[in-house]
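Derivation of every value follows stated rules applied to the coordinates shown; laboratory data play no part. What you are looking at is a predicted structure, and each value in this text was computed from that prediction instead of being measured. Here the Cβ is made from the backbone with ideal geometry for all residues, glycine too, and neighbour counts use every protein chain on show.
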Amino acid sequence: MAIMITDDCINCGACEPECPNNAIYEGGVEWTISDGTAISEPYTIETGETIEPDEEQEPVSDEFYYIVPDKCTECVGFHEEPQCAAVCPVDCCVPDPEREESEAVLAARQKTLHG
């Protein structure tokens, strides 16, 4: 499953540089699928919508740091555990119960995002 950041976030930013997929953004900041990935062609996100690689998308949160689920691999292919959760001082990087995904799905996403 993807990781999410709860509203307990203190906006310290410790998680953002740890993400190998550039899936973490400061609240209110727009995101792109190409940011930190090898995606250079139109990409279909979990909603079924196809987006352009450099097309800015609406922030998931305006109040605190957030993780883009379409870019989160729980660090599969990079680390033994999600690095955001490992460095979070308030333990607000937690599994998203709305997005349960197998390790195979996460590994496939990692391969797609990074070629």
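A few points about this structure:
- Label point at His79 placed 7 Å out along Cα→Cβ; residues across segment 9-27 whose backbone nitrogen lies under 15 Å: 13-25
- Karplus (6.51, -1.76, 1.60) ³J(HN,Hα), θ = phi - 60°, over segment 61-66, in Hz, Gly and Pro reported as x: 9, 9, 9, 8, 3, 9
- Shape call, the chain: gyration tensor on alpha carbons, a/c limit 1.5: oblate
- Each label point was placed 7 Å from the Cα along the Cα-to-Cβ direction; for Val90 and Ser40 their separation is 4.0 nm.
- For segment 70-87, 3J(HN,Hα) computed residue by residue from phi via the Karplus equation (6.51, -1.76, 1.60; θ = phi - 60°) reads 5, 10, 7, 10, 6, 6, 4, x, 10, 9, 6, 9, x, 5, 4, 5, 5, 9 Hz, glycine and proline entered as x.
- Added length on full extension, which subtracts the Cα-Cα distance from 0.36 nm per residue, Glu26 to Asp62: 12.1 nm
- In range of the label at Lys111: residues from segment 27-46 whose backbone nitrogen is under 17 Å from the point 7 Å along Cα→Cβ: 38-39
- Around the Cα centre of the chain, unit charges on the Cβ atoms of Lys, Arg, Asp and Glu (plus for the first two, minus for the last two) sum to a dipole of about 440 debye.
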